[in-house]
Amino acid sequence: MTSSTLPSSLFLQLDFPSIRATTSNKLSLPSTNSNRSSFHVFPIRASVSERPTPSVSVPPAREPGQTNSLPSEPTINNLPMRKIPGDLGIPIIGPLKDRQDYFYNQGRDEFFKSRIQKYQSTVFRANMPPGPFISNSPNVIVLLDAKSFPTLFDVSKVEKRDVFTGTYMPSTELTGGYRVLAYLDPSEAKHGLLKRLMFFLLKSRRENVIPEFRSSYTEFFESLESELSEKGKADFALANDQAAFNFLARSLFGSNPGDTELGTDGPGIVQKWVLFQLSPILRLGLPQFIEDSVFHNFRLPPKLIKKQYQRLYDFFYESSGFVLDEGERLGISREEACHNLVFATCFNSFGGMKLFFPNVMKWIGRAGVKLHAQLAAEIRAAVKEADGEVTMASMEKMELMKSVVYEALRIDPPVPLQYGKAKRDLVIESHEHAFQVKAGEMLFGYQPFATKDPKIFDRAEEFVGDRFMGEEGEKLLKYVIWSNGPETENPSVSNKQCAGKDFVVLVSRLLVVELFLRYDSFEIQVGTSPLGSKITLTSLKRASF
């Protein structure tokens with residue numbers, strides 16, 4: 001899971017290493033020094049609230065009484081300069097009003113769409129939650145198109161210090177008293193050391209990822225089948241949570257949680273711990289008065305989760321000795337290294353799988369049986385050619401499968417909200433205008449609008465499974481930016497792109513591969529939850545070939 005609210009907001013810059021982004025990927029770790037069969041057709045059902053985020057096209061805007069082409073109008077790169085539009089309102093009242101619109105009166109997507117239309121601009125000023133009385137300054141400059149949004153990735157222009165969750169930062173008491181990697185700017189010495197440690201972790205355990213995923217998600221699918229047989233439907237989230245946590249512990253640390261004192265409690269503890277960090281910027285489904293007056297105005301006391309967090313910490317401390325040893329070699333204390341491992345594994349990686357896996361199921365499910373048949377045929381043929389083994393090499397031949405995963409990352413990115421503070425005076429360009437930004441101003445981007453920019457993508461609001469296939473499709477990968485950077489670039493110690501960018505892509509591909517090795521098609525119902533899409537499986541059709 002942007003940086004971001006959970007669910008479409010466990011935004012998650014996942015802190016582990018990197019694959020080159022083309023539809024013919026090879027797994028390559030970054031340098032730590034680098035700056036048709038016939039099928040029965042099932043109906044796919046979804047709630048009205050799960051409509052795709054609308055794309056918005058903005059016509060050239062005009063200042064009152066002016067045209068956009070007056071000879072005297074200043075220009076930059078042939079774009080007319082424009083004062084950043086927007087109304088922040090009066091202190092306290094303005095931010096509170098915007099918060100009501102964002103959460104309740106309009107909802108997030110309509111909040112942004114209505115302001116694009118009002119100001120005739122994809123760049124404007126607004127207030128972002130939580131506002132008073134948690135955030136000292138909720139004022140932001142909003143960036144909602146594919147041209148202006150990448151400013152947030154340029155660390156020569158923006159500072160990433162303490163902006164992971166936006167205009168406020170959760171208490172460091174929730175992370176052992178340390179500012180963990182997600183909150184560090186690349187200019188801070190500790191950032192490079194901790195990112196190297198995350199690269200080391202995945203490099204050390206990379207041979208375990210595919211076998212442990214297959215093992216954990218075999219258990220997962222068997223659990224779904226059992227529940228479906230017993231109840232006629234199965235909750236994707238509950239089984240996925242346990243499978244994801246077990247997989248991460250087994251593959252990255254060689255430890256099975258069920259054999260330790262933690263048992264099966266890990267996912268539940270993680271969710272509570274994340275709630276303590278993100279409650280100011282989440283819709284929790286509680287009555288509006290209680291939710292807004294309590295959770296959006298006050299921080300939950302960290303001491304209420306301290307004992308449960310300690311159980312997580314103890315599990316990782318006991319399981320990660322080889323990583324802690326490397327941390328000491330780099331000059332990081334074992335305690336600080338362990339708190340960073342908890343955050344990277346539980347908040348970032350587990351959160352990403354909890355958020356994004358249901359999105360993958362949603363979009364593939366909605367695409368229908370034709371895409372299911374194509375995926376099943378491609379995946380099974382490639383695995384058969386590899387003597388029945390799922391390997392990196394066999395997955396490289398699954399062009400449609402890889403495109404489907406990239407399309408899911410484009411249309412429903414797990415990191416929807418991203419922030420950065422201007423380091424200096426600078427000019428930001430949208431498709432229509434250039435805007436002057438002052439040093440110290442907070443920039444904010446809502447990624448689903450940028451990745452559905454109709455000036456970049458045809459049928460931008462639609463899920464197109466084969467969008468990224470072929471030469472022309474590969475050219476669009478630079479606009480897939482879920483990882484806090486373009487898919488065509490790699491994370492390094494000198495940037496804020498997710499250290500685990502390729503890890504996320506790999507496990508998402510593995511989910512699709514395992515799904516269509518076992519099943520010809522599936523039927524789902526889609527709803528919403530505080531953490532994004534809620535998937536209920538109502539049918540799984542076993543593989544027939």
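The values are calculated or read from the model by the stated rules, or taken from the named source; none is laboratory data. Since the structure is predicted, the reported quantities are computational estimates derived from the model, not experimental observations. Don't worry about glycine lacking a Cβ; one is built from the backbone with ideal geometry, like all the others, and counts go over all protein chains shown. Please note that ligands, DNA and RNA were not included when accessible areas were found on the heavy atoms of the full protein model with its side chains. Shrake-Rupley method; radii C 1.70, N 1.55, O 1.52, S 1.80 Å.
Of the residues making up region 404-425, those that are open to solvent by 10 Å² or more (accessible area, probe 1.4 Å) and within 13 Å of residue 152 (Cα to Cα) are 421, 423. Would you say residue 360 is over 30 Å from residue 411 (Cβ atoms), open to solvent by less than 70 Å² (accessible area, probe 1.4 Å) and either aliphatic (A, V, I, L, M) or outside any helix (DSSP H, G or I) (or both)? When the stated conditions are applied, residue 360 does not pass them. Selection of region 281-295 for residues being touching a Gly at 6+ places or on another chain (Cβ under 8 Å) and either open to solvent by 40 Å² or more (accessible area, probe 1.4 Å) or part of a loop (DSSP other than H, G, I, E, B) (or both) yields an empty set.
Here residue 469 fulfils each of the conditions (1) under 21 Å from the mean Cα position of the chain (by Cα); (2) over 28 Å from residue 168 (Cα atoms); (3) aliphatic (A, V, I, L, M) apart from (1). Cβ separations smaller than 9 Å between residues 6+ apart or across chains give the following pairs from region 208-221 residues that are within 16 Å of residue 235 (Cα to Cα) to residues that are open to solvent by 10 Å² or more (accessible area, probe 1.4 Å) and not in a helix (DSSP H, G or I): 221/540.
Just one residue in the set 532, 445, 473 is small (Gly, Ala, Ser), in contact with a helix residue (DSSP H, G or I) (Cβ under 7 Å, 6 or more places away or on another chain) and surrounded by fewer than 23 Cβ atoms within 10 Å (Cβ to Cβ); that residue is 473.
Somewhere in region 449-458, is a residue outside any loop (DSSP other than H, G, I, E, B), open to solvent by less than 20 Å² (accessible area, probe 1.4 Å) and either farther than 29 Å from residue 393 by Cβ or at pLDDT below 95 (or both)? Within region 449-458, one or more residues are outside any loop (DSSP other than H, G, I, E, B), open to solvent by less than 20 Å² (accessible area, probe 1.4 Å) and either farther than 29 Å from residue 393 by Cβ or at pLDDT below 95 (or both). Open to solvent by 10 Å² or more (accessible area, probe 1.4 Å) and of a type outside the set (Val, Ile, Thr), is that true of residue 510? Here the answer is no, as residue 510 does not meet what is asked. A count restricted to region 514-529 and to residues that are surrounded by fewer than 24 Cβ atoms within 10 Å (Cβ to Cβ), in contact with a helix residue (DSSP H, G or I) (Cβ under 7 Å, 6 or more places away or on another chain) and part of a helix (DSSP H, G or I) stands at 3. Hey, among the residues in region 144-176 that are of a type in the set (Val, Ile, Thr) and part of a helix (DSSP H, G or I), which one's farthest from residue 281 (Cα to Cα)? The selected residue is 151. Looking at 195, 203, just one residue is basic (Lys, Arg) and crowded, with 19+ Cβ neighbours inside 10 Å, and that residue is 195. Could you tell me whether residue 98 is under 23 Å from the mean Cα position of the chain (by Cα), open to solvent by less than 50 Å² (accessible area, probe 1.4 Å), of a type outside the set (Lys, Arg) and within 27 Å of residue 484 (Cα to Cα)? It is false that residue 98 is under 23 Å from the mean Cα position of the chain (by Cα), open to solvent by less than 50 Å² (accessible area, probe 1.4 Å), of a type outside the set (Lys, Arg) and within 27 Å of residue 484 (Cα to Cα).
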